[in-house]
Every structure is written in structure tokens, then in C-alpha cells.
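What follows is a short report on a single structure.
FYI, it's all coordinate maths here, none of it is from the lab. Note that the structure is a prediction, hence the values are computed from the model and not measured. As a convention, Cβ positions derive from the backbone with ideal geometry for all residues, glycine included, and neighbour counts pool all protein chains shown.
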């Protein structure tokens, strides 16, 4: 797992226990720009594979708000760093359609190419609630509670990253069986 986030690497390792051995490798990948998180993950995977020359996964995540025509999308981290949750809520003032979704793309690279696996978590933008999580978690609600209100174990089971990892796990288990 190529990431600078050790917690993300632990989450990935836990989800593949008994299936794959996951090692955390912290290399800085260039930040590719694209509207599609899958293409950003693909660019990171291509770079990391050139550096490491061994099978690896990378990911990228975006927050897509329907009323804002998908903004902040694949620039979610930058937008959070610049205007934060307060800025998003300011943009949403007076907006009735609060629907949004997170999307994570996992890119798996090895000598035969790169495959992309996606996970989507639908929800709504709400006033901040909860003490847990990070980033947009306090203002993103799924199933009646924000991601910041959910226990970490519950969030880890339903998250956009968990859904992308499950798609990858299903594929890799089929690959190993053939």
C-alpha cells in the first residue's frame, strides 16, 4: 500500500488479513489532476510502479456534492485545506438539495497493468455533528448519522474506501482461485 497515511495502510492491511500480505510504503507520488478519482489513482499507481517495480495499490478519494455540480470532487482535500467544512456549509446556504457522495478509487498495479476498483457512499451534507472522524466526516451524513458520529468500526465497514477495497478483494480472490 503506497500512502503517506499509516492509518490508511493499517485499514487496508486489516481488510486483507488472511488474503494478502500488505506492507506500508511511504513514497511521495505526484498529485495528478483529473475530474475522475480513478484516473488520479491510475496516475499515482503508474508512478509508484515505476519506482518500486512490484505489485502495489494506491487510492484517491473525492467528495461530490450534487447541488454544486460535483464540487469539490477530486479536489476535496485541497478544498478542505483551504475553506474547510465551514466554507462548504457557506456554499450550501439556502440550498435544498443536500445530496452528495464520496467516491474512492483503488488502483492495483502489477506487471500486467493497472486495474481500478471503486467504492461509493451516498449521503447528504448536514450541519456538523459528532466528535470522531476527520475531514468532511462531521458534515457528511449516511443513514441518519454523520461519519463523525459513527464508531470507527462501523464507519470502516460501510465507507467508500471499504466498498472499493471489497471490490478489489473479490477480484483478487477470484484471480487467486483461477
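Quick notes on this structure:
- Residue among 50, 98, 161 with the largest mean-square fluctuation in a Gaussian network model of the chain, springs linking Cα atoms under 10 Å: 50
- Cα-based Rg of the stretch 51-95 normalised by 2.2 N^0.38 Å, two decimals: 1.58
- Helix 37-52 and the long axis of the chain differ in direction by around 30°, with both axes built from C-alpha atoms.
- This structure gives Cα Rg over 2.2 N^0.38 Å, computed directly, and of (1) 1.05; (2) 1.21; (3) 1.30 that value is listed as (1).
- Fluctuation leader among 58, 79, 19 - the chain, Gaussian network, Cα springs under 10 angstrom: 19
- Modelled label positions at residue 110 and residue 171, each set 7 Å beyond Cα in the direction of Cβ, lie 1.2 nm from each other.
- Of 160, 34, 101, the one that fluctuates the most in a GNM where the chain has Cα springs shorter than 10 Å: 34
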